[in-house]
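The values are calculated or read from the model by the stated rules, or taken from the named source; none is laboratory data. Note that the structure is predicted; figures quoted are calculated from it, not measured. Positions of Cβ are generated from backbone atoms using ideal geometry, with glycine treated the same way; all protein chains shown enter the neighbour counts.
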Amino acid sequence: MRSPDVVARWSVIDLRRAPLALAALLVLAVPARAQQTPCPCPPPSPPPPAWGGSLGGGLSLTSGNSNTNSYNLDFALTHDARRTSVFKLDGSYLRTDTDGASTVDRTNLGARYEYAPGGRRFFGFGEVRYLRDAFKEVDHLGRRRSAPATASRTGTT
């Protein structure tokens with residue numbers, strides 16, 4: 001059997017090495033733990049919205065030799081699901097009064113549908129427009145047109 005001095009000496013040595021052993025264990029365990037957890041990757045970006053549009057308006061009030069008031073309102077709406085078809089709707093209204101008399105009273109509306117079978121290189125479209133201009137004495141003017149096109153849909157056709 002061991003003597004009590006030998007047991008006490010081993011206990012003192014173990015207690016002195018315990019903090020060093022614990023620190024070494026923590027240093028080695030932290031990188032292993034970090035390697036086990038996967039990095040949090042950002043989620044994929046959502047697809048662009050299918051509907052988009054804009055709305056605008058304006059007001060101009062001038063005075064001097066004559067008083068002129070102008071009001072305008074316009075909008076544009078587009079549905080593009082990044083597939084084979086695109087729908088566009090737009091319109092505007094403009095009114096100008098000079099010294100109390102109407103000098104401009106114009107309304108413009110339009111709708112367009114584009115269809116691209118099998119891709120975006122070739123497509124066809126149909127378009128309808130409406131114009132009313134009181135100053136130019138145009139009560140209503142409708143225009144329909146449709147045609148195949150070979151240009152990119154982002155450019156003009």
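Evaluate the following for S92: is it loosely packed, with under 15 Cβ neighbours inside 10 Å and in contact with a strand residue (DSSP E or B) (Cβ under 7 Å, 6 or more places away or on another chain)?
Details: loosely packed, with under 15 Cβ neighbours inside 10 Å: no; in contact with a strand residue (DSSP E or B) (Cβ under 7 Å, 6 or more places away or on another chain): yes.
Here the answer is no, as S92 does not meet what is asked.
State all residues of region 54-86 that are surrounded by 15 or more Cβ atoms within 10 Å (Cβ to Cβ), among the small types (G, A, S) and closer than 30 Å to A116 by Cα; if no residue qualifies, say none.
Result: A76, single match.
Within region 34-50, how many residues turn out to be of a type in the set (A, V, I, L, M) and modelled with pLDDT of 60 or more? Quick ask: steps written out before the conclusion?
To start, the set of residues in region 34-50 that are of a type in the set (A, V, I, L, M) comprises 34, 50.
Then keep just the ones that are modelled with pLDDT of 60 or more; that gives 50.
Result for region 34-50: 1.
Got a number for residues in region 71-94 being modelled with pLDDT of 90 or more and either over 32 Å from the mean Cα position of the chain (by Cα) or β-branched (V, I, T) (or both)?
Applying the first criterion (modelled with pLDDT of 90 or more) to region 71-94 yields 71-79, 87-94.
Checking the rest, the ones that are also either over 32 Å from the mean Cα position of the chain (by Cα) or β-branched (V, I, T) (or both) come to 78.
Within region 71-94, residues that are modelled with pLDDT of 90 or more and either over 32 Å from the mean Cα position of the chain (by Cα) or β-branched (V, I, T) (or both) number 1.
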